Amino acid sequence: MTDFFRAVKIALRYRLNIAMILCSSLLIATLWGGNIGAIYPIIEVVFENKTLHEWSDDQLAELHTEQRASEAVIQEKEQQLSTVTGVEREELAHSIWYEQSQMDTRAHMIEWMNWVDRKLIVHAPTTPFRTLALVIAALLVGTIVKGMFIVLNMICVERLAQRVTLELRQSFYRQTLGMDLNAFGQDRTSGLMTRFTADVTTMGSGISTLFGNSIREPLKMIACLVFAALISWRLLLFSLIIAPIAIFIVGRLARSIKRANRRAMEEMTQLYTALAETFNGIQLVKAYTMEGHESSRFSRIATTYYRRAMRIVTYNALTRPATEVMGMLIICMAILAGGYLVLNNKRELFGIPMGATLSHGAMVTFFAMLIGASDPARKLAGVIQFLQASSAAAERVFEMMDRKSAIVESERPVELPDAGAEITFERIRFSYVPDNLVLQDVYLKIQSGESVAVVGANGCGKSTLLNLIPRFYDPVDGRVLLNGVDLRDLRLQDVRSQIGLVTQQALLFDDTIINNIRYGSLDATDEQVIAAARQANAHRFIMDDLEEGYETLVGEGGGRLSGGQRQRIALARAFLRDPKILILDEATSQVDVASEPLIHEALRQFIEGRTTIMITHRLSTLDLADRIVVMDEGHVADMGTHHELVQRCSVYQQLYSAGFREAA
């Protein structure tokens, strides 16, 4: 429950909201017990064909009679005290003390009833029927008022739960955005999605339960037990002897519920994963006619989740009857004990004094209070289910929120020199997993304003090298310098604000075209956005082919556009950013043949004076580079111009023979 209480700490900051919850819960509990207590005047007064005046006089007369009887008993026993010794004397002294305590209690009751008689009963109805009408009216008003406080309580509770849920989601989202890219590779998107949605929602339900039923129902139960104790606290204690057994059983079930919920949440993550993989790869699924295989795979995962869910249902089903049976046992014990005392006019039970003799009305009210306490106890069984599920969800959510990014900001960052953008890779070694180096002793210096193309076979470390520039990763050994300063000594914001990035998989958001381009610079005007689109050769297809023009929604991931159109939008976004450093990772791979010369000309003009690093397998794109760097198995094999490399570098010759010529 430790992680769940971290969410509770967030809720405790909303003090006014909690104060309203506590006050309304206390009033609800008081009215709950008071409404049940209406049984007493109905039985003791109305059903005896009395008015409140007559009942009050009878009660006072009975109390005075009992006081006189107690005085006589005390006088008699005090006279006997001088004639006995030892254990018998101690028992007699204890008996005198007990009788005196009863007299003190009755004296307080006489004083209280005299006050009630003077202040309240003097205004009461003068006939039994009118007395009944008054009790019923009071009961009805109390129920209406209680209902109003319940509405207020539920609104305050839900508001608190929703505020905590909102804050958790925002904190989780900010923390996740701050993680390094490697963390996203280790944690599946479906796992993050289930935590953002289902798990955080479950935590919100737990907060609602904790500050709702977990406060309201125990207070209602306490109110009934307090009223029952006022009638006979000794009989109440006797009735609650078996309560520890019920607490033990429910506690064992609660731990089982938490474990089952944790496993069910893990299976829900697998369901999300299967759905995401199938829907994202639906073209592949259909092309290979794997619909049956995917249906079977999903069915296996869904069946496992079903079994986990049924285990939770079983534990929950056991919790409610367990609490109900224990509650009924408590009531049965009270009825048997109370019935024995009333029917036999006894004051002791198994030799234990039970106080004054109880009237029929007091005993029935006592039973009613225990029944009134059993209803909240029954509802608390459901509370356990929600709290244990929330505890399991909190562990999963905070497990992610407690992660630390491998990319750490410098405590004393250095100001980035405002002098071009010279990049130096200094003896770089890098690995995604230990003992498996992707980059080995890479040394490369790129002058400010120079354009460099990086080529090599798949898996040779090209993209990894480029990902070190915006500090998506940090090298295991060596340094990446920007204008002579280690990237780790600079603010991430300062570094990344200098960079424009276009990748092979041009990612667009489910928004309008103009907003997707403006993502490169949120302060840009519409005119600047359109100018960037013209520069990327995107303006014509936006205006001619799309009915809504720049206001066209591109769909999830830009799915309503072709691959070439998406890449031109991505290029326009980078152009709008006006970066000092431009990174192109196969940025023109999906551009159609007709548009390629125009885009290359736009790129040639745009990269003028900018430090540009590009990965490409197109000879036409290599023409944009001042220098070509050849990578092989994680290190720099050679560098130079196309004509130099095609003559002396065997790796480059193989690449050229295999693909450059066809790409050209």
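The values are calculated or read from the model by the stated rules, or taken from the named source; none is laboratory data. Here the structure is a predicted model, which means the values were calculated and not measured. Positions of Cβ are generated from backbone atoms using ideal geometry, with glycine treated the same way; all protein chains shown enter the neighbour counts.
Tell me whether the range 58-74 contains one or more residues that are surrounded by fewer than 15 Cβ atoms within 10 Å (Cβ to Cβ), in contact (Cβ under 8 Å) with a residue 40 or more places away in the chain, under 23 Å from F366 (Cβ atoms) and within 58 Å of the chain's Cα centre (by Cα).
No, because not a single residue in the range 58-74 is surrounded by fewer than 15 Cβ atoms within 10 Å (Cβ to Cβ), in contact (Cβ under 8 Å) with a residue 40 or more places away in the chain, under 23 Å from F366 (Cβ atoms) and within 58 Å of the chain's Cα centre (by Cα).
Out of all the residues in the range 416-438, which are free of Cβ contacts under 8 Å to residues at least 12 places away in the same chain and not assigned by TED's automatic domain parsing to the domain that holds H617?
D418
So which of L490, L481, L468 ends up being out of contact with any Gly (no Cβ under 8 Å at 6 or more places or on another chain), surrounded by 19 or more Cβ atoms within 10 Å (Cβ to Cβ), at pLDDT 90 or above and over 18 Å from I615 (Cα atoms)?
Sole residue among the options that is out of contact with any Gly (no Cβ under 8 Å at 6 or more places or on another chain), surrounded by 19 or more Cβ atoms within 10 Å (Cβ to Cβ), at pLDDT 90 or above and over 18 Å from I615 (Cα atoms): L490.
Within the range 542-561, is even one residue within 14 Å of I599 (Cα to Cα), in the same structural domain as G449 (by TED's automatic domain parsing) and buried (at least 22 other Cβ atoms within 10 Å of the Cβ)? Working first, answer last.
Pass one, the range 542-561, residues within 14 Å of I599 (Cα to Cα): none.
No, because not a single residue in the range 542-561 is within 14 Å of I599 (Cα to Cα), in the same structural domain as G449 (by TED's automatic domain parsing) and buried (at least 22 other Cβ atoms within 10 Å of the Cβ).
Let me confirm something: among I583, I628, which residue is in contact with a helix residue (DSSP H, G or I) (Cβ under 8 Å, 6 or more places away or on another chain), under 30 Å from D435 (Cβ atoms) and modelled with pLDDT of 85 or more?
It is I583.
Tell me which of these D435 doesn't satisfy, since it passes every other one: (1) under 39 Å from the mean Cα position of the chain (by Cα); (2) closer than 22 Å to M179 by Cα.
Only one criterion is unmet by D435, namely (2).
Tell me which helices (runs of 4 or more DSSP H) are completely within the range 25-135 and hold 3 or more residues being basic (K, R), or say none if there are none.
In the range 25-135, 86-119 are the helices (runs of 4 or more DSSP H) which contain 3 or more residues that are basic (K, R).
Output the residues belonging to the range 124-142 that are surrounded by 15 or more Cβ atoms within 10 Å (Cβ to Cβ) and not hydrophobic (A, V, I, L, M, F, W, C).
The answer is P125, P128, T131, G142.
Within the range 115-137, is there a residue that is farther than 30 Å from A61 by Cβ and among the hydrophobic types (A, V, I, L, M, F, W, C)?
no
Go through the range 177-204 and give me each residue that's farther than 30 Å from G147 by Cβ, among the hydrophobic types (A, V, I, L, M, F, W, C) and either free of Cβ contacts under 8 Å to residues at least 60 places away in the same chain or assigned to a helix (DSSP H, G or I) (or both).
L177, L181, A183, F184, L192, M193, F196, A198, V200, listed by residue number.
Taking L120, is it within 54 Å of the chain's Cα centre (by Cα) and at pLDDT 85 or above? Break it down into steps so the answer makes sense when it comes.
Values: within 54 Å of the chain's Cα centre (by Cα): yes; at pLDDT 85 or above: no.
Answer is no for this residue.
I'd like to check something: does the range 293-301 contain any residue that is at pLDDT below 75 and loosely packed, with under 15 Cβ neighbours inside 10 Å?
Our first condition is that a residue be at pLDDT below 75; within the range 293-301, this holds for none.
Checked against the condition, which is being at pLDDT below 75 and loosely packed, with under 15 Cβ neighbours inside 10 Å, the range 293-301 yields no hits at all.
Quick one: what pairs do we get from the range 623-648, first residue assigned by TED's automatic domain parsing to the domain that holds R429, second acidic (D, E), C-beta under 7 Å, 6+ apart or different chains?
Correct list of pairs: D626/E450; R627/E450; V630/D638; H635/D441; L645/D638.
With respect to I282, is the statement that it is surrounded by fewer than 17 Cβ atoms within 10 Å (Cβ to Cβ), at pLDDT below 75, over 23 Å from the mean Cα position of the chain (by Cα) and within 30 Å of I335 (Cβ to Cβ) true?
no
Here's a check for you: in the range 593-602, which residue that is among the aliphatic types (A, V, I, L, M) and not in a loop (DSSP other than H, G, I, E, B) is modelled with the highest pLDDT?
Taking the candidates together, the pick is A602.
Determine which member of the set I207, I249 is surrounded by 21 or more Cβ atoms within 10 Å (Cβ to Cβ) and either assigned to a helix (DSSP H, G or I) or modelled with pLDDT of 85 or more (or both).
Answer to the check: I207.
Output the strands (runs of 3 or more DSSP E) that fall wholly within the range 603-645 and possess 2 or more residues being crowded, with 17+ Cβ neighbours inside 10 Å and polar (S, T, N, Q), or say none.
Once the strands (runs of 3 or more DSSP E) in the range 603-645 are filtered for at least 2 residues that are crowded, with 17+ Cβ neighbours inside 10 Å and polar (S, T, N, Q), what remains is 611-615.
Does A7 satisfy the condition of being in the same structural domain as M369 (by TED's automatic domain parsing) and more than 30 Å from R163 (Cβ to Cβ)?
It is false that A7 is in the same structural domain as M369 (by TED's automatic domain parsing) and more than 30 Å from R163 (Cβ to Cβ).
Listed here are the residues, each with its yes/no results for (1) assigned by TED's automatic domain parsing to the domain that holds T131; (2) in contact with a Leu (Cβ under 6 Å, 6 or more places away or on another chain).
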| site | (1), (2) |
| --- | --- |
| R15 | yes, no |
| C23 | yes, no |
| G33 | yes, no |
| A72 | no, no |
| L81 | no, yes |
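So which residues in the range 1-28 are touching a residue at least 40 places away in the same chain (Cβ under 8 Å), more than 20 Å from L387 (Cβ to Cβ) and aliphatic (A, V, I, L, M)?
Filtering the range 1-28 down to residues touching a residue at least 40 places away in the same chain (Cβ under 8 Å) leaves 1, 3-4, 6-8, 10-11, 14, 17-18, 20-22, 24-28.
Going one step further and asking which of them are more than 20 Å from L387 (Cβ to Cβ), we end up with 20, 24, 26-28.
Matches in the range 1-28: M20, L26, L27, I28.
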